[in-house]
1. With the requirement that a residue be of a type in the set (G, A, S) and surrounded by fewer than 17 Cβ atoms within 10 Å (Cβ to Cβ), what does the range 28-41 give you?
2. Only one of (1) within 20 Å of G111 (Cβ to Cβ); (2) among the acidic types (D, E); (3) surrounded by fewer than 20 Cβ atoms within 10 Å (Cβ to Cβ) fails for D194. Which number is that?
3. Filter the range 1-27 down to the residues that are within 18 Å of T355 (Cβ to Cβ), out of contact with any Pro (no Cβ under 8 Å at 6 or more places or on another chain), crowded, with 24+ Cβ neighbours inside 10 Å and of a type outside the set (A, V, I, L, M) and list them by number.
4. Between I137, I101, I132, which is in contact (Cβ under 8 Å) with a residue 24 or more places away in the chain and surrounded by fewer than 22 Cβ atoms within 10 Å (Cβ to Cβ)?
5. Which one of A303, A259 is more than 8 Å from ligand 1 (Cβ to nearest atom) and in contact (Cβ under 8 Å) with a residue 40 or more places away in the chain?
6. Being over 27 Å from E357 (Cα atoms), at pLDDT 95 or above and crowded, with 20+ Cβ neighbours inside 10 Å is true for just one of D44, D69. Which residue is that?
7. Please state which of the following conditions S311 fails to meet, knowing it meets all the rest: (1) modelled with pLDDT of 95 or more; (2) in contact with a Lys or Arg (Cβ under 9 Å, 6 or more places away or on another chain); (3) within 16 Å of ligand 1 (Cβ to nearest atom).
8. Within the range 328-346, which residues are crowded, with 18+ Cβ neighbours inside 10 Å and aliphatic (A, V, I, L, M)?
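The values are calculated or read from the model by the stated rules, or taken from the named source; none is laboratory data. A quick note: this is a predicted structure, and the numbers were derived from the prediction, not measured. Note that each Cβ is placed from the backbone with ideal geometry, even for glycine, and that neighbours are counted across all protein chains shown.
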Amino acid sequence: MKKTFKFTVLAGDGIGPEVMDQALRVLECACKGEDFELSYSRHDVGGAAIDSQGEALPKSTVDACSQADAILFGSVGGPKWENLPPAKQPERAALLPLRKIFKLFANIRPGLLYPQLTDASPLKKERIPNGIDIVCIRELTGGIYFGEKKTYKTEDGEDAACDTMSYKVSEIERIAEVAAQTAMSRGKKIYSIDKANVLQTSVLWRKTITAFMEKNYPEIELKHLYVDNAAMQLARDPNQFDVLVTENMFGDILSDEMAVICGSLGMLCSASLGDGSNSLGLKFGLYEPAGGTAPDIAGKGIANPCAQILSAAMMMRYSFGRDDIAKKIEAAVRKAVCDGVRTGDIAFGNAAVSTKEMADAIIERL
Ligand code: ATP
Ligand code: MG
């Protein structure tokens, strides 16, 4: 009997459903004739779920995800739901709980800019003659975003607030393992980013990662950098990095900086991996584009589907263990874009194609 790769499709709002349809076409084409079957079901999430079922993350959606080996996610939110109370807004009420429920502790974001697309980057071409090819690994379920928060009065009666940042050794070690595996498949070079000159959590972070690499991956070259310097170096010479690993808040900021130097959000994908294993003995994961719902172009059929397609490729790699198919999809996307087939966000003088035409070109090259 053929193996089954089971995932849920949560297309969401805005351009989500438009790019998702095309990603599924590409995925099905890339998997045709293989020794497994794709099995997926679509479920409402975000604004679409608020409209159909009154809540951004219905129980039926969570249940379906629990029974799957991965989630292929689009994007959620949009102007229509902006006036809801903050806790009910699609992003906060859908994406954050999903991360929490499925313990998605590791966020992997490739910062990939093809040399043929350097026009898309705000960096000067001479700084990135060969494009950009780095990966940012961000801890996603710990640190200051999840620590204790409180507001209080000082002794003088002044209003004050505090957020707590904390990490356990085990939380640092498991993200170090993801960084190490990524580095082993690339240049065997890791930069760990912290602020160990002022933060106690960073002192522990640095000590733990150093010991972990010495013990388990002595062949990896590990360097440390303070986050302020890392932000500067990313803009100055991004390719000095290969794999970056950092805690939640620093990663939030640095991965957005990385996205902007890599040009269009329409090209950037991400994976968020859980800490258990799925029914195939691999990592459960949620795969989504780096961009959002792009309300300015939603409904026009012109969004770039590549980020969603590349997210599906990451799903094949991490949750289904088929690096070969991931590479095949990545190569077809690269070839289409480098042949000059471009949606508006990356056209730069080329005639812009539609979302569907972009996917057609990728399918042709598969
Ligand atoms: P959200 O709150 O959902 O993130 P947003 O208003 O921040 O929405 P983004 O989706 O983050 O919008 O997009 C920021 C900019 O990048 C927009 O101008 C959008 O059109 C563009 N963009 C994002 N994704 C794509 C894509 N797939 N194709 C083309 N352009 C995109
Ligand atoms: Mg956005």
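1. As a first pass, look at the range 28-41 and keep what is of a type in the set (G, A, S): 30, 33, 39, 41.
Result: G33, S39, S41.
2. Here D194 clears every test but (3).
3. G16
4. Working: I137 fails: surrounded by fewer than 22 Cβ atoms within 10 Å (Cβ to Cβ); I132 fails: surrounded by fewer than 22 Cβ atoms within 10 Å (Cβ to Cβ).
Every option except I101 fails the conditions.
5. Working: A303 fails: more than 8 Å from ligand 1 (Cβ to nearest atom).
None of the others qualify; the one that does is A259.
6. Working: D44 fails: over 27 Å from E357 (Cα atoms).
None of the others qualify; the one that does is D69.
7. So the condition that S311 fails would be (2).
8. I329, A332, V333, A336, V337, V341, I346
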